[in-house]
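Remarks on the structure that follows.
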Amino acid sequence: MAINKKGIFSLSIVILLMGLLVGKAWASAPLPQNTFATPTPGESGEIRYLVQEGENCLAITLKLQMDLNELRSLNGLDENCTLQAGQELLVGFGATQTPVPVISPTPDMAGPTPTPDVSQGIICAFLFNDINGDGVPGDLEYPIADGVVSINDKENRISVTKNTAWDEPATCFEELPVGEYNISVAVPQGYNATSSTSYALVLGPGNTSKINFGAQESSEAPIDPNNGTDGPGENNGNILLGVFGIVLVLAGIGLGFYFWLLKK
C-alpha cells in the first residue's frame, strides 16, 4: 500500500502547532490565589473569628498569628482545645496597642517626673506584599511602595495622607488627638487587595495602634478579596490542558521522525 508521505508530514506539522498553542494557553492560565480577610473589630471592639469546617486550634492560631494558650484562655477552651464548625471565637480586642510607659519617681531624681502627653496617640499602617494571600504579614512578606494611606477622624478635624515606602516597616501618623478614626489604603497599580482596605478604630490616650493591610501582585484574572479562591476544579483543568499540549507536541515530533525514516 502506498504511503502518502506529504500527508504524514502535513499532519505532523498540524499536531505540533496544536500542541504548542495548547501549551501556551496552559502556561498563561492564571494560578489560583488564596485570600483571607483579617477579622475586624465589632462595635464593642472585640475581634471574633468563625471556625470553619475541619479547622482546629493550631490551624487558627497559625492563620491569625496568635498564641495557642491565649486562644484557649480568651474562650475558656479545654486542654484538648475542642472546637466545632460554626463556633465563634474571641481572638482579640481592637488594634494592637502599646501601653504608655510609667516612670516611677526615685529619691535621687532631680525635679518632677515628666508625664507623657495623654491627649495624643499614634496610628501606623503596614501595607505588605501578601505572597501567600492569607492576609497576615509573614517574615518574608516585605512592605509595598507607592501605596496611599489616609487618616480621617469622625469630627473631620484630621485628614492626612502619606505614601508607603518599601524601606519602612510601617507608615505612621504621630501626635494625633484621641478619638475615632478611619484608616484606609489604596494599593498601587499592579496589586490587588487581600484584606479589607479600610479600618475603623478608637485611638486612646497615649496609644500606638498598628493596622495591617495585605495586597498581592495582580495576575491576568483580578482577585476579589470577598470571593476566596478561583474554584476547586480550575487548577485541575489547567494541569490537564498542559498535559494534553505536551502529548500533542510529542505526537507531532514522532510523526516527523517517522516521515524522516521513510525518506531514507
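The values are calculated or read from the model by the stated rules, or taken from the named source; none is laboratory data. Owing to the predicted nature of the structure, the values given are computational and were not obtained by experimental measurement. When we count neighbours, we look across all protein chains shown, and the Cβ atoms used for this are built from the backbone with ideal geometry, even at glycine.
What number of residues within the stretch 137-158 are assigned to a strand (DSSP E or B) and either touching a helix residue (DSSP H, G or I) at 6+ places or on another chain (Cβ under 6 Å) or among the aliphatic types (A, V, I, L, M) (or both)?
3
Mind listing just one residue for me: the one in the stretch 127-160 that is of a type in the set (D, E, K, R) and within 9 Å of the chain's Cα centre (by Cα) and, of those, surrounded by the most Cβ atoms within 10 Å (Cβ to Cβ)?
Within the stretch 127-160, the match that is surrounded by the most Cβ atoms within 10 Å (Cβ to Cβ) is Asp130.
Of these, Ile47, Ile15, which one is at pLDDT 80 or above, surrounded by 15 or more Cβ atoms within 10 Å (Cβ to Cβ) and not small (Gly, Ala, Ser)?
Ile47
Look through the stretch 159-194, keep the residues that are among the aliphatic types (A, V, I, L, M) and assigned to a strand (DSSP E or B), and return whichever of them is nearest to Phe126 (Cα to Cα).
Val185
Only one of these is surrounded by fewer than 19 Cβ atoms within 10 Å (Cβ to Cβ) and at pLDDT 75 or above: Val202, Val243, Val247. Name it.
Only one candidate qualifies: Val202.
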